[in-house]
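Here's the structure, in structure tokens; my notes come after.
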There are 4 protein chains.
Amino acid sequence: MKHLGAELAEIRAGHAEIHVPFRKEVTQQHNYFHAGVSGAIADSACGYAAYTLMPADSSVLTVEYKMNLLAPADGEKLVARARVLRSGKTLKICAADVYVQKNGAEIHCATMLATIMCLSGKSDRAG
Amino acid sequence: MKHLGAELAEIRAGHAEIHVPFRKEVTQQHNYFHAGVSGAIADSACGYAAYTLMPADSSVLTVEYKMNLLAPADGEKLVARARVLRSGKTLKICAADVYVQKNGAEIHCATMLATIMCLSGKSDRAG
Amino acid sequence: MKHLGAELAEIRAGHAEIHVPFRKEVTQQHNYFHAGVSGAIADSACGYAAYTLMPADSSVLTVEYKMNLLAPADGEKLVARARVLRSGKTLKICAADVYVQKNGAEIHCATMLATIMCLSGKSDRAG
Amino acid sequence: MKHLGAELAEIRAGHAEIHVPFRKEVTQQHNYFHAGVSGAIADSACGYAAYTLMPADSSVLTVEYKMNLLAPADGEKLVARARVLRSGKTLKICAADVYVQKNGAEIHCATMLATIMCLSGKSDRAG
């Protein structure tokens with residue numbers, strides 16, 4: 001995340017928002033944000049949103065995600081907003097939407113569904 | 001759809017809603033609606049929503065879908081609501097949510113993302 | 001499953017195979033097997049494959065699945081073959097492929113990835 | 001891809017393989033390869049595999065992908081192998097598996113299904 005210049009812009013119970021300002025390093029050949037960046041911040045935002053609903057000593061594990069790309073991410077800032085759709089004890093089902101901001105407007109670039117696992121007092125994948 | 005007792009309750013540009021009233025035949029061992037029914041009506045609702053944005057001689061082909069199950073579908077009526085997130089010429093990216101109605105309340109049971117293809121003047125899968 | 005005329009043709013550690021013979025009731029307008037039938041038996045085969053690797057008192061819960069449709073299911077018998085890719089204590093990640101048999105050949109119709117949860121000594125969704 | 005130190009190790013009709021040697025920059029807190037790297041090279045390998053079956057003036061667009069994470073990517077080299085499951089004129093349905101190599105063995109870390117679109121003689125997303 002640090003590598004991408006991403007910042008956690010908002011976090012509250014069941015929600016998280018991550019921003020990435022435009023930088024040449026996170027774009028592809030057309031100067032749009034790279035789709036991999038949309039995927040990475042959507043997944044991270046889901047993890048943070050899920051984590052707000054877990055006990056303090058938990059760690060977060062992404063089980064799976066699916067993303068549809070909707071439009072080119074042509075703009076000044078990339079924004080991922082995630083929310084928990086279902087908060088089970090072990091699994092949190094999350095959705096995230098990615099928008100690009102340009103000239104004061106937002107375009108919907110991508111949408112993700114993700115399954116996040118809560119590992120209680122563990123620090124490694126144990127699925 | 002007919003087989004499931006499903007009815008198209010609403011259709012307008014980019015949206016569709018399908019209902020299935022409770023019947024013993026569409027439930028599983030706990031008398032909840034079967035998850036397969038949620039999947040079938042969510043997929044159908046996505047297809048109808050996509051079709052509203054296609055030329056008249058088109059046919060609809062489901063390319064893929066992904067569904068997360070969120071809660072048991074315990075209730076009197078199952079409702080799938082679909083909307084088109086992105087309407088390209090060839091592909092429509094759709095989302096659907098499935099709710100179960102019980103005693104006047106709605107519970108969110110499942111959520112789907114689907115990619116629907118528009119086949120112009122063709123009647124078979126040609127991907 | 002019974003409703004679809006489906007039979008569990010094979011089951012062994014980490015694998016399951018389900019067959020559906022051609023019947024008018026499970027086809028769509030072109031006399032192909034309905035895509036919903038492919039989805040239902042792929043999901044069921046994943047559940048059975050996962051169950052072979054769970055303790056005896058467990059129950060099986062489908063967390064999510066994603067399916068790509070590859071070709072029309074035009075043939076005499078529909079066959080879903082599932083295998084467990086990763087067997088964690090709580091989650092089993094499974095893949096299934098659906099084939100249609102026609103005149104002695106098999107065509108690959110659909111492919112699924114699914115996340116199946118093991119509920120120990122419970123009988124309901126508790127995610 | 002360049003940024004990740006990724007190299008296209010093999011490409012032939014309907015197949016592609018991408019390698020990423022271990023470098024501190026592509027790992028997370030436990031010194032495993034970051035899951036985002038697995039996702040990025042799996043998606044890229046699907047795009048390359050699809051591209052081998054497209055006309056020369058085409059460009060490649062990822063419509064959607066779904067990935068299940070199977071095991072921590074703890075090793076010396078990360079390898080993504082993609083293959084085209086179904087090659088339609090407009091859409092190529094692809095699967096990719098990601099392995100980590102350690103002490104001469106391979107561990108299966110992740111699996112992806114992706115839908116790739118062929119844009120004929122166009123250079124932008126037009127879905």
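The values are calculated or read from the model by the stated rules, or taken from the named source; none is laboratory data. These numbers come from a predicted model, not from an experiment. Note that each Cβ is placed from the backbone with ideal geometry, even for glycine, and that neighbours are counted across all protein chains shown. Note: areas computed on protein heavy atoms with side chains; ligands, DNA, RNA excluded. Shrake-Rupley method; radii C 1.70, N 1.55, O 1.52, S 1.80 Å.
All conditions in (1) away from chain D (no Cβ under 14 Å); (2) within 18 Å of A:Met112 (Cα to Cα); (3) part of a strand (DSSP E or B) hold for B:Leu113, with the sole exception of (1). The residue list D:Ala105, D:Ala114, D:Ala73 contains one member that is in contact (Cβ under 8 Å) with a residue 40 or more places away in the chain and farther than 19 Å from A:Leu61 by Cα, which is D:Ala114. State whether the residues of the stretch B:3-20 include one that is free of Cβ contacts under 8 Å to residues at least 40 places away in the same chain and under 30 Å from D:Leu61 (Cβ atoms). The answer is no; no qualifying residue exists.
Number of residues in the stretch C:84-106 that are out of contact with any Cys (no Cβ under 7 Å at 6 or more places or on another chain) and either more than 14 Å from chain A (Cβ to nearest Cβ) or among the aromatic types (Phe, Trp, Tyr) (or both) equals 7.
Answer yes or no as to whether C:Glu76 is acidic (Asp, Glu) and open to solvent by 20 Å² or more (accessible area, probe 1.4 Å). So C:Glu76 fits the description; yes. Just one of (1) open to solvent by 70 Å² or more (accessible area, probe 1.4 Å); (2) closer than 16 Å to A:Lys2 by Cβ; (3) β-branched (Val, Ile, Thr) fails for D:Ile11. It is (2). Within the stretch A:21-43, being within 12 Å of A:Leu78 (Cβ to Cβ) and under 11 Å from the mean Cα position of the chain (by Cα) holds for A:Val37, A:Ser38, A:Gly39, A:Ala40, A:Ile41, A:Ala42.
Being modelled with pLDDT of 95 or more, open to solvent by 50 Å² or more (accessible area, probe 1.4 Å), of a type in the set (A, V, I, L, M) and more than 25 Å from A:Phe33 (Cβ to Cβ) is a description that applies to D:Leu53. Filtering the stretch B:14-50 to residues that are surrounded by fewer than 15 Cβ atoms within 10 Å (Cβ to Cβ) and in a loop (DSSP other than H, G, I, E, B) leaves B:Arg23, B:Gln28, B:Gln29, B:His30, B:Asn31. When the stretch A:55-70 is filtered for residues that are more than 17 Å from the chain's Cα centre (by Cα) and either in a loop (DSSP other than H, G, I, E, B) or facing chain D (nearest Cβ under 10 Å) (or both), the ones remaining, listed by number, are A:Pro55, A:Ala56, A:Asp57. Using the structure shown, decide if B:Thr90 is closer than 25 Å to A:Pro72 by Cβ, open to solvent by 10 Å² or more (accessible area, probe 1.4 Å) and at pLDDT 95 or above. Considered against the rule, which asks whether it is closer than 25 Å to A:Pro72 by Cβ, open to solvent by 10 Å² or more (accessible area, probe 1.4 Å) and at pLDDT 95 or above, B:Thr90 comes out as yes. Entry remark, the stretch B:13-44: residues being of a type in the set (Asp, Glu) and at pLDDT 95 or above number 2 in total.
Selection of the stretch D:50-70 for residues being free of Cβ contacts under 8 Å to residues at least 60 places away in the same chain and closer than 24 Å to B:Met67 by Cα yields D:Thr62, D:Glu64, D:Tyr65, D:Lys66, D:Met67, D:Asn68, D:Leu69, D:Leu70. Does at least one position in the stretch B:98-105 carry a residue that is at pLDDT 95 or above, of a type outside the set (S, T, N, Q), touching a helix residue (DSSP H, G or I) at 6+ places or on another chain (Cβ under 7 Å) and part of a strand (DSSP E or B)? Yes: the stretch B:98-105 contains one or more residues that are at pLDDT 95 or above, of a type outside the set (S, T, N, Q), touching a helix residue (DSSP H, G or I) at 6+ places or on another chain (Cβ under 7 Å) and part of a strand (DSSP E or B).
Being β-branched (Val, Ile, Thr), within 26 Å of B:Met112 (Cα to Cα) and in contact with a helix residue (DSSP H, G or I) (Cβ under 9 Å, 6 or more places away or on another chain) is true for just one of D:Val60, D:Val79. Which residue is that?
Working: D:Val79 fails: within 26 Å of B:Met112 (Cα to Cα).
Just a single option satisfies the conditions, and that option is D:Val60.
If the condition is being within 10 Å of chain C (Cβ to nearest Cβ) and either on the phi > 0 side of the Ramachandran plot or out of contact with any helix residue (DSSP H, G or I) (no Cβ under 8 Å at 6 or more places or on another chain) (or both), then the stretch B:29-46 contributes B:Gln29, B:His30, B:Tyr32, B:Ser44. With respect to D:Leu8, is the statement that it is within 14 Å of chain B (Cβ to nearest Cβ) and not in a helix (DSSP H, G or I) true? For D:Leu8, the condition - within 14 Å of chain B (Cβ to nearest Cβ) and not in a helix (DSSP H, G or I) - is not met. Scoring C:Gly127 on the criteria (1) open to solvent by 20 Å² or more (accessible area, probe 1.4 Å); (2) at pLDDT below 95; (3) not hydroxyl-bearing (Ser, Thr, Tyr) leaves a single failure, condition (1). Can you say whether C:Val79 is in contact (Cβ under 8 Å) with a residue 60 or more places away in the chain and in contact with a Leu (Cβ under 7 Å, 6 or more places away or on another chain), as far as the supplied structure shows? Taking the combined requirement at face value, the residue does not satisfy it.
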